[in-house]
Structure formats: structure tokens, C-alpha cells
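Quick note: the coordinates plus some simple rules give every number you see, no bench work behind them. Model, not experiment: these values are computed from the prediction. Don't worry about glycine lacking a Cβ; one is built from the backbone with ideal geometry, like all the others, and counts go over all protein chains shown.
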Amino acid sequence: MNDQQISREQGDVNLSEQRTQFQQQHLDPRSRELVEKDQQLFLHQSLSTPVLHALSHSEGAYIVDMAGKRYLDCHGNGVHAAGFNNDYVCEKVVDALRSKNTFTSRRYTNSNIVGLAEKLIAVTPEGLDRVSFCPGGSEAIELAVSIAKSYTNKWKTISFWDSYHGNGFQSASLGGERLFKKRLGPMVPGALHVDFPNYQNNPWGFTDQRQVDDEILRQMRTLFEKEGDIACVVGEPISATPVMPTRYFWQQVKLLCEEHGALLIFDEIIEGFGRTGKMFACEHYVTPDILVLGKSLGGGLMPFAGVVVNEKYNVLETQSVGHYTHEKNGLCGAAGLAMIEYLEMHQLVENSAKLGEYLMERFKQMQTSYPIVGSVDGIGLHIGLEILSADGSGQRGVEEAERIMYQCFENGLAFKLIESSIITLRPSLVITLEDAKFIADTIEAAIVA
Ligand SMILES: Cc1ncc(COP(=O)(O)O)c(C=O)c1O
């Protein structure tokens, strides 16, 4: 793969001709000026700078550019479960600021962070009874793996090709993509990988889900038996693409972990907090030993993440692997607690399940009507729509997907591509049926065009 292809695995690339054309035609002068300044000031990276556009603000499910144009944002980097700048969450954060119950050194505590911890333990599945917080998802993944290594006294990990678990040496070692580790030299040793179950597109040509699951379980069993010293298996319950594994798959992985004394770690940094139509994606499958949360945990305002673990993993009294300056930050506590309260008060998890069903039905209809729509998968407001080449070859429709994306953007719908040709849709859980119709109609119009 060349550099552009490697970048496209995670998202649409920021140096494509279509991107430049879009910017020339559609950026208003104030947005253009900001984008150009940003480009001069920030380190360039394949998935951020140079950026696509500039925002004046964001609210609810929408982002707003400098000219006041609104876009329904189906990416939002996953922080917007309760919407951007949610009034209820903002009020609670402002209350925390007014009462000066904000930053707290980690040798003290405060009511906001304790409130969030209590709430998380209450809403996560039974058996997850203790928390630890840190500033971001990558650190939370490191923390989870460190707990597993310390508890098991083993040092290897099994994770999945093509997955993303964050930046930093441990998290990027777990990740299955070159984009995040190329040229960095040796990564953390013992990071082993297997395929993620993909029922539509698997290298063995299997059409039966059980055959796919069993092949991957076989790969995993081989690593457990021949490599040994496996501390944990780390995965997103549903891949980011998304591909939804069967319940059988995760049940068997959990059994393999138990048999070999390893921990199962679920990365729900994206999928937690209602995204998949349940409060946590693991509720579709099995309860992991360690649940990793992030993104929306900061209420869309603060950078915040953490782990929720079973009591038996409370074994670090003489170590300090979660030693973070902001682990007890009261502002983050207030934001996280308010975000969960808001989801509950407005039944947004149920909304995610309901509107997800509506969208899946619309996309399944498009799949039968338009040959360029390949696989459609997902659950709740976590949906992927594969675009195939218009030449009928069944290959990825890289150019086509990009054209659809920029056309939708022009029409007020923002999303990101993954694996170069999959439209990934993860709108805020606050969207209405009207918003969901807008998403489906706008994509359908772009496909037709
Ligand atoms: C599944 C998953 N895990 C981990 C991370 C890393 O989180 P952060 O960017 O907060 O470090 C991300 C971020 O995109 C993610 O999507």
C-alpha cells in the first residue's frame, strides 16, 4: 500500500483532488482564512491538518461554519452522544466552575468526580465495580492493558488487524494499522493480531458466519497455545467500520480468555453511552473484565476517559499505572455525570435504537436499488454503508465514495469515510426522525447523482 492508501484505511485523505476542489468552490472567505492560518501553524498529519473547513460553533447534532451554514454531523469524533454544547451539560459544568469545584490534585477527591464514578458503576453491567479516569482514550487503553499485565503477570496481547485503539506506543501496538506506527521503530513487544470477523468480506470466501467465527477463534487459540503469556484480548465489541460479530464469537473469545487466564478488554470509547442502541455495546454480547470508555464521557466538552473493572482487578496498591494529573478533575466529573443524566432523562439510548432501525431499513432498500451500494451493517446510530465502484467490478468505490461525501457536505450533511469507501454514520443521539430522514435522503440523492 502507498501512503495515500494507508491513510484512506482510517478516513478520507486530506490531500485529495476532490478535497481541494470542494474547498475552492465552497469555503467562505472567513473559513478559508482560518483554514489557511491553521495550515501554517499546526503540524501536518494525514487525518487532521490541513483541515477541511472551519467552524464558528456547534450545537446539538449540528456543526456550523463561519458563514453560518449548518451541517448535521455524523462523525463528531464520537464525543457528541448528548449533542454538542448541550445546555444541561454546560449548565452543570458552569455550576462546577462557579462553585470552584474543578481541578483537584489526585491526592484529594471532590463530589463531582465521585458522582460520576457512582453513576458509571450504576449504569455499567453488573460485575463492573471500580473506575479509574484519565485525560484521553489512548491513555485509558494503556491503563486497561497495564491492569491486565499486572494482574496476570503476563505480557502479550491479542487484538485485531485494522482496529484503532489510540496513539502512543501501547495503544498503537494494539491497533492493526500501519498509519499509526510506520517509521516509529519497534513497537511494544508481544502485541499479536488476528483478523476481525468480517462476514461480507473475508479472505477465505466463507459465506457462513459460523465458519468465519471459527476460523478467527482458531487463529486466537493458536496464539494462546503456541505463544502463551497472553495477558488480554482487546477489541471493540463491534468494529468501527462497523461489522457486527455474532454473540457466539464474543462468548467463545471470553471462554478462551477464561481457559487461558487472560482478561477480555472491550474498547467502547466510541460505542459506549448508547451509540449501539444499548447503553454499552457489551450488552449485546458479554460483560468484559475491563470496559474502556472515553470521548462522550467528557460530555462533548472535556477530554476525559477511563476504565470500569471488576473488583478483583483492584490489585495496583503498590503500583501507579493510572497516574494522571487530571484523573480527579471535577469539571470532567460534572460533564460526564450530566451527559449520562441527559441520556437517561431524554431516553436517548432508546432513540438511538429506534432511529438506527429506521436508517438501516432505508439503507437496505438502497442496497437493493443501487448497485454501487455494497454491504450495509450496524446497529443503533453506528452504521456503515459500503460504496462500490460504478464499473460493476465489485471493487471499492474510492472515487465514488468521496464524491458522495463532498456532495452530501454541500447539502449540509457531514460524515467520514473509513477503509476508503465506507460511509460511516455516527450522529449524535439527540437526532430526531426528521434528522434521520434528512440523513438517508441526502445520501440517497448523492448516490443517484
Ligand atoms: C475505538 C477507539 N479507541 C481509542 C481511541 C483513542 O481515544 P483518544 O483519541 O481520546 O486518545 C479512539 C479515538 O478515536 C477510538 O476511536
* To do: Determine the alpha carbon to alpha carbon distance for each of 156/182; 254/437; 328/354; 278/364 and list only those over 27 Å.
  => 254/437; 328/354
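At 20 °C and a viscosity of 1.002 mPa s, what translational diffusion coefficient does Stokes-Einstein give for the range 30-101, taking Rh as the Kirkwood radius over Cα pairs? Give it in µm²/s as a whole number.
For the chosen part, D equals 152 µm²/s.
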* What percent antiparallel are the DSSP beta bridges of the chain, to the nearest 5? -> 65 percent
* Size of charge dipole - the chain - debye, nearest 20, with Cβ of Lys, Arg +1 and Asp, Glu -1, no other charges -> 960 debye
* Sequence-distant or interchain residues sharing an amide H contact under 5 Å with residue 55, placed H: which? -> none
* To do: Would you please put 155-168, 299-312, 104-117 in order of how densely packed they are, using the mean number of other Cβ atoms within 10 angstrom per residue and starting with the highest?
  => 299-312, 155-168, 104-117
* Structure fact -> So, relative contact order of the range 345-449 in percent, Cα under 8 Å, 6 or more apart, is 26 percent
* **For the chain, the spread of Cα positions along each principal axis, largest first, Å** => 60, 59, 43
* **Positive-end extreme of charge dipole, the range 87-345 - chosen from 246, 179, 198 (charges on Cβ)** => 179
* **Where Rh is the Kirkwood radius over Cα pairs, Rg/Rh for the range 87-345** => 0.98
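Would you mind calculating the gained length between residue 225 and residue 114 on full extension (0.36 nm times residue separation, minus the Cα-Cα distance), in nm to one decimal?
Roughly 35.8 nm would be gained on extension.
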* Per residue of the range 410-423, in order, report the coupling 6.51 cos²θ - 1.76 cosθ + 1.60 (Karplus, θ = phi - 60°) as ³J(HN,Hα) in whole Hz, putting x for Gly and Pro. => 4, 8, x, 10, 10, 7, 10, 9, 10, 6, 6, 9, 9, 6
* To do: Can you figure out the FRET efficiency of residue 433 with residue 18, using R₀ = 22 Å and their beta-carbon distance, to the nearest 0.05?
  => 0.10
